[in-house]
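Take a look at the structure set out below.
The values are calculated or read from the model by the stated rules, or taken from the named source; none is laboratory data. Computed from a predicted model, the values in this text were never measured in an experiment. As a convention, Cβ positions derive from the backbone with ideal geometry for all residues, glycine included, and neighbour counts pool all protein chains shown. Side chains are part of the model used for accessible areas, which takes the heavy atoms of the whole protein and leaves out ligands, DNA and RNA. Shrake-Rupley method; radii C 1.70, N 1.55, O 1.52, S 1.80 Å.
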Amino acid sequence: MDGSGAGSRFAAEGELEGERVTLLEYLRAYRLALELKCAGLDAEQLARRSVPPSTMSLLGLVRHMADVERNWFRRVMAQADEPPLYWSDDVEDADWAGAVADPAVVADAWRAGTRRSPSRSSSSPGRQTSPSAPPCKMAPPPRCAR
């Protein structure tokens, strides 16, 4: 990315030094991309399935990524004994299937997502995101303005 055009919102704010910094910057950029896709959508729009009979939705993706990051950062890397967020013996793909058009489900998924790893906010480093605010109600970060 050259720092101009639409790709600039994902660009790092300088040269990346080191493996950890590079990894966290990629994670930040992908979180920001997902956050921007969800911005301005209500619970029904977030839970809308892509193509029947698929269970895939943006809300399902937020829930899935919260669980994936929790698994890697807490269970694998920190070796903490914590259960998965959305696992169920009764429901296959519970992270996706449980993504229903309910504002409480949206808020819960967003809270779970903001507690998932070393970089608590999915946006730029200085920005604080309210853990109770779902991504659909968040304004884009200032550096994303066109």
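Between Ser50 and Thr22, what is the FRET efficiency for a Förster distance of 30 Å, r being their Cβ-Cβ separation, to the nearest 0.05?
Given R0 = 30 Å and the Cβ-Cβ separation, E is 0.45.
Residues with amide H under 5 Å of Arg49's amide H, sequence separation 5 or more or different chain, H placed in the peptide plane at 1.01 Å from N; which?
none
As a test question: what accessible area, to the nearest 10 Å², does Asp81 have when a 1.4 Å probe is rolled over all protein chains in place?
Number for this one is 150 Å².
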